[in-house]
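These notes are about the structure you will find just below.
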Number of protein chains: 2
Amino acid sequence: MLSLTEENYLKAIYHLSDGGSKAVLTNELAEAMSTKAASVTDMIKKLSAKEVITYEKYYGVNITAQGKSEALMVIRKHRLWETFLVDKLGFAWDEVHEVAEQLEHINSPRLIEKLDEFLGYPKVDPHGDPIPDHKGKIKIIPQVPVDQLAIGYQGKIAAVKDSDSNLLKYLDKIGARPGVKIKVLGKEEYDDSMEILIDDHRVFISKAVSQNILVVG
Amino acid sequence: MLSLTEENYLKAIYHLSDGGSKAVLTNELAEAMSTKAASVTDMIKKLSAKEVITYEKYYGVNITAQGKSEALMVIRKHRLWETFLVDKLGFAWDEVHEVAEQLEHINSPRLIEKLDEFLGYPKVDPHGDPIPDHKGKIKIIPQVPVDQLAIGYQGKIAAVKDSDSNLLKYLDKIGARPGVKIKVLGKEEYDDSMEILIDDHRVFISKAVSQNILVVG
DNA sequence: GTATATTTTTAGATTAGTCTAAAAAATAAT
DNA sequence: ATTATTTTTTAGACTAATCTAAAAATATAC
Ligand SMILES: [Mn+2]
Ligand SMILES: [Mn+2]
Ligand SMILES: [Mn+2]
Ligand SMILES: [Mn+2]
């Protein structure tokens with residue numbers, strides 16, 4: 001059984017390791033958790049005692065199969081609750097992340113199964129992120145940020161980064177939502193800004209924005 | 001700002017004091033919180049520092065106006081979530097209390113207002129308990145437990161105690177739900193059991209049961 | 001009205017999560 | 001191959017919430 005804080009650490013480790021494919025360093029975890037390296041060292045000792053990660057001194061942490069499964073359950077809850085807030089309660093997509101950060105820690109398997117059913121077993125959350133199923137299986141779609149695309153690329157927006165409310169408000173304003181058509185028209189070498197077509201609408205976006213829009217790779 | 005534990009203590013104080021109308025003793029609070037008197041004394045000091053209760057050594061605690069308002073907000077959330085679980089997710093009424101104990105601590109005023117709207121501004125929860133409105137106003141209906149009724153009493157079930165799952169399953173089986181007609185036919189002096197009519201259905205109930213069915217006083 | 005029993009409070013410890021400051025290990029630079 | 005820098009770990013301390021055991025206050029009994 002993991003505490004709320006342990007769940008948050010584990011989720012961060014899952015994300016920073018790209019789903020378990022690489023080791024996570026103490027400092028990047030400290031950065032992600034807005035805490036100090038010393039606190040991270042303490043916590044990773046506890047998490048490795050609980051066998052959700054493995055830990056080699058000075059070389060970072062790796063998530064175990066069990067840890068991955070627990071992290072995916074928290075992510076499942078987070079994304080189901082975000083979907084509920086948008087689809088059923090009429091929240092805007094920029095208002096849900098903070099509340100979901102709380103709701104993801106509610107412990108009731110029955111609640112999550114019922115919620116999933118109530119929502120019609122959604123495959124993705126309001127930001128385009130895939131929702132793990134009740135077995136913890138997640139369909140990882142390889143996603144590429146728009147700033148890495150070549151001129152002339154045509155495709156569809158797969159997802160957007162969901163943690164910054166102001167970014168989401170802006171993306172909504174320019175119509176950059178999952179599923180919408182996108183085409184790269186030009187790149188400005190000077191400041192890495194881009195000219196793109198969103199649903200046949202021409203817009204100029206800064207690098208800070210292009211990094212946060214993801215298309216299918 | 002109150003911690004989760006502080007919220008739980010305050011809620012217990014509100015209930016034990018009958019909504020603020022009498023003082024609560026250390027030991028009854030310890031009993032209600034399944035903890036030790038020493039822990040209660042510590043917590044009481046913190047709560048009175050936060051001015052949600054007043055505390056006189058050896059004479060128990062009283063809830064302040066601010067404390068009452070905060071307790072009512074937690075109760076509002078608890079009962080709205082219970083209503084959501086039953087009405088929208090299809091939970092049985094004996095399955096919701098434990099989950100609501102967790103959900104009641106989610107902090108998001110917007111979430112609660114949206115949830116209230118989504119549920120159609122319900123007046124009572126699945127167990128017949130009144131739901132405080134967004135101002136914290138609660139319609140206190142004076143309720144009397146069935147074991148205190150005289151033979152011949154006729155009326156309607158107002159509410160049932162909601163914390164024991166087995167009791168609720170049994171009440172459901174005999175049809176004892178809020179709003180259902182009830183009539184007292186007889187009382188057995190020997191064991192305080194009663195013969196009652198529930199929706200024109202004759203049943204015998206023990207004292208343990210009759211204490212947990214409430215009618216309008 | 002003194003003795004006994006009950007209730008409540010204090011004292012001292014424990015655990016989870018966090019912090020700052022200092023030591024140790026690993027990496028980079030001369 | 002030393003020295004310097006960066007990263008990570010340890011050491012020691014703090015807060016919230018809990019506990020047991022002992023002391024103090026209140027209530028009850030004779
Ligand atoms: Mn989110
Ligand atoms: Mn999301
Ligand atoms: Mn309840
Ligand atoms: Mn209830």
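Can you tell me which residue is nearest to the other protein chains (Cβ to nearest Cβ) among those in segment A:124-137 that are away from ligand 1 (no atom under 16 Å from the Cβ) and charged (D, E, K, R)? Spell out the reasoning first.
Of segment A:124-137, the ones away from ligand 1 (no atom under 16 Å from the Cβ) are A:133-137.
Applying the additional criterion that residues be charged (D, E, K, R) yields A:133, A:135, A:137.
Working: A:Asp133: 18, A:Lys135: 21, A:Lys137: 23 Å.
Going through the qualifying residues, I end up with A:Asp133.
Counting only residues that are within 11 Å of ligand 3 (Cβ to nearest atom) and crowded, with 17+ Cβ neighbours inside 10 Å, give me the helices (runs of 4 or more DSSP H) lying completely in segment B:59-129 with at least 1 of them.
Values: elements: B:65-87, B:97-103, B:109-118.
Per the criteria, B:65-87, B:97-103.
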Meets criteria (acidic (Asp, Glu), touching a residue at least 40 places away in the same chain (Cβ under 8 Å) and on the phi < 0 side of the Ramachandran plot) for B:Glu117: no
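Give the residues of segment B:87-101 that are more than 14 Å from the chain's Cα centre (by Cα) and facing chain A (nearest Cβ under 10 Å), sorted by residue number.
Passing the criteria: B:Lys88, B:Leu89, B:Gly90, B:Phe91, B:Glu95, B:Val99.
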Residue match in segment A:13-20 (condition: in contact with a helix residue (DSSP H, G or I) (Cβ under 7 Å, 6 or more places away or on another chain), within 15 Å of DNA strand C (Cβ to nearest atom) and either within 14 Å of another protein chain (Cβ to nearest Cβ) or among the basic types (Lys, Arg) (or both)): no
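I'd like to check something: does segment B:22-44 contain any residue that is under 14 Å from B:Leu10 (Cβ atoms), in a strand (DSSP E or B) and more than 16 Å from ligand 2 (Cβ to nearest atom)?
Just the residues of segment B:22-44 that are under 14 Å from B:Leu10 (Cβ atoms), to begin with: B:24, B:29, B:32-33, B:40, B:43-44.
Now restrict to residues that are in a strand (DSSP E or B): B:24.
Those still in the list that are more than 16 Å from ligand 2 (Cβ to nearest atom) too: B:24.
Looking for residues that are under 14 Å from B:Leu10 (Cβ atoms), in a strand (DSSP E or B) and more than 16 Å from ligand 2 (Cβ to nearest atom), one finds at least one in segment B:22-44, hence yes.
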Residue within segment A:3-15 that is crowded, with 17+ Cβ neighbours inside 10 Å, touching a residue at least 60 places away in the same chain (Cβ under 8 Å) and in contact with a Ser or Thr (Cβ under 7 Å, 6 or more places away or on another chain) present: no
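Evaluate segment B:51-65: report whether one residue or more is within 14 Å of chain A (Cβ to nearest Cβ) and under 20 Å from the mean Cα position of the chain (by Cα).
No, segment B:51-65 has no match at all.
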Qualifying positions in segment B:145-159 - closer than 11 Å to B:Ser210 by Cβ and either within 16 Å of ligand 2 (Cβ to nearest atom) or hydrophobic (A, V, I, L, M, F, W, C) (or both): B:Val146, B:Leu149
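Look at segment B:139-163 and say how many of its residues are part of a strand (DSSP E or B), under 20 Å from the mean Cα position of the chain (by Cα) and not hydrophobic (A, V, I, L, M, F, W, C). Even if it seems obvious, please write down each step before you answer.
First, pick out the residues of segment B:139-163 that are part of a strand (DSSP E or B): B:143-145, B:154-160.
With the extra rule that they be under 20 Å from the mean Cα position of the chain (by Cα), the set shrinks to B:143-145, B:156-160.
Retained after the next criterion (residues that are not hydrophobic (A, V, I, L, M, F, W, C)): B:143, B:145, B:156.
Here the count works out to 3.
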Verdict on B:Leu149 being within 14 Å of chain A (Cβ to nearest Cβ) and surrounded by 17 or more Cβ atoms within 10 Å (Cβ to Cβ): no
Conditions (1) within 22 Å of B:Glu7 (Cβ to Cβ); (2) outside any helix (DSSP H, G or I); (3) touching a strand residue (DSSP E or B) at 6+ places or on another chain (Cβ under 9 Å): number failed by B:Gly136: (3)
Residue check for A:Leu80: touching an Asp or Glu at 6+ places or on another chain (Cβ under 8 Å) and within 13 Å of DNA strand D (Cβ to nearest atom): no
Which numbered condition B:Gln154 misses (of (1) modelled with pLDDT under 95; (2) closer than 19 Å to B:Ile141 by Cβ): (1)
From the options A:Glu104, A:Glu113, residue that is closer than 28 Å to B:Val99 by Cβ, within 15 Å of the chain's Cα centre (by Cα) and within 11 Å of chain B (Cβ to nearest Cβ): A:Glu104
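Regarding segment A:66-73, can at least one residue be identified that is more than 30 Å from B:Glu117 (Cα to Cα), more than 14 Å from chain B (Cβ to nearest Cβ), among the polar types (S, T, N, Q) and away from ligand 1 (no atom under 14 Å from the Cβ)? Steps first, answer last, please.
Of the residues in segment A:66-73, the ones more than 30 Å from B:Glu117 (Cα to Cα) are A:66-72.
Restricting the remaining residues to those that are more than 14 Å from chain B (Cβ to nearest Cβ) gives A:66-72.
Pick out the ones that are also among the polar types (S, T, N, Q) and you get A:66, A:69.
Applying the additional criterion that residues be away from ligand 1 (no atom under 14 Å from the Cβ) yields A:66, A:69.
Yes, segment A:66-73 has at least one match.
The values are calculated or read from the model by the stated rules, or taken from the named source; none is laboratory data. None of these values were measured; they are calculated from a predicted model. In this analysis, Cβ positions are derived from the backbone assuming ideal geometry, glycine residues included, and neighbour counts consider all displayed protein chains.
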